[in-house]
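Below: the structure, in structure tokens.
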Amino acid sequence: MTPAQWTLAQLASLIGAKLHSTQPDRIVRRMASDSRTMQTEPALFWALTTASGDGHRHLEEALERGCLAAVVSTQGWADHPVAGLDVLVVDDVWTALYLLAAAHRAAFTGTVVAITGSNGKTSVKEQLAHLMADPRAVRSPRSYNSKLGVPLSVLQFPLDASIWLVEVGISEAGGMARFTPWLKPTHGIFTGIGDAHDEGFASRAQKLREKLSLFEGLTA
């Protein structure tokens, strides 16, 4: 299968970024949001702001570790500029990440199986992949089912795969709305409802409705 890949110029067009680079045709094949992973393989670094910190504060480290370029916000780049780093400047880095994931999903014409539920998502995904024994089926790595894990998983999936197995998890009300507009699974698996993350929802019934909303509009 052909790995997912884009040039910096293509990425800029897809996410509406201003590209500052002397090598717009440089190829990106891997995404990263942790500057510490740069040494394993050059990647596009997403300077995301999370509860644990601001990725813009790690741009210099990402460059030192060999990142190809970084997606940064206008304000973040103004506050933390790094000489010699190619950047794609956007209004909001999270929005840009989801725009790219949505574009990649829209370009895929194969089967997309979304797996959600309170427990057992990873086990079901791994067992299903084993039972299918399809060399062209790809799946989310480990337990990449979060706000960050889902788009990063999708962006590593080849377009010439036969099946994408996507694990999707949420921990709060409104969380599934991040995925439903663009993931658009063709098939769905619901592993069941339990007490995991009950604190993020008004009731168990609300959590159930939220999880099942992923399957609205299924084609099969």
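No value in this document is a laboratory result; all are computed from the given coordinates. Remember, it's a predicted structure, so these values are computed and weren't measured experimentally. Don't worry about glycine lacking a Cβ; one is built from the backbone with ideal geometry, like all the others, and counts go over all protein chains shown.
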At 7 Å along the Cα-to-beta-carbon direction for both residue 199 and residue 212, put a label point, then send me their distance in nm to one decimal.
-> 2.7 nm
Rounded to whole angstrom, the alpha-carbon centroid of segment 1-51 lies from that of segment 74-97 at a distance of 12 Å
Computed over the chain, the relative contact order (Cα-Cα under 8 Å, seq sep at least six) in percent reads 19 percent
Could you pull out every one of the lysines with an alpha carbon less than 28 Å from that of residue 125, ignoring same-chain neighbours closer than 8 positions?
-> 147, 184, 207, 211
Inter-label distance for residue 2 and residue 19, nm, one decimal - labels placed 7 Å from Cα along Cα-to-Cβ | 1.8 nm
Once the Cβ-Cβ distance between residue 34 and residue 83 is put in as r, and R0 is 22 Å, what FRET efficiency do you end up with, to the nearest 0.05?
-> 0.50
Enumerate the calculated ³J(HN,Hα) couplings along segment 19-29 in order (Karplus 6.51 cos²θ - 1.76 cosθ + 1.60, θ = phi - 60°), each rounded to whole Hz, writing x wherever the residue is Gly or Pro.
-> 8, 10, 7, 8, 10, x, 8, 5, 8, 10, 10
Computed for the chain: size of charge dipole around the Cα centre, +1 on C-beta of each Lys and Arg, -1 on C-beta of each Asp and Glu, debye to nearest 20, value 540 debye
Prolate/oblate/rounded call for segment 82-220, Cα gyration tensor, a/c under 1.5 rounded = oblate
Based on Cβ point charges of +1 for Lys and Arg and -1 for Asp and Glu, what charge dipole magnitude is obtained for segment 6-97 about its Cα centre, in debye rounded to the nearest 20?
-> 240 debye
Once Lys and Arg are counted +1 and Asp and Glu -1 for all other residues with Cβ under 12 Å from that of residue 117, the total becomes +2
Can you tell me the FRET efficiency between residue 173 and residue 64 if r is taken as the Cβ-Cβ distance and R0 is 30 Å, rounded to the nearest 0.05?
-> 0.15
Let a ≥ b ≥ c be the square roots of the eigenvalues of the Cα gyration tensor of segment 6-97; is it rounded (a/c under 1.5), or, if not, prolate (a/b larger than b/c) or oblate?
-> rounded
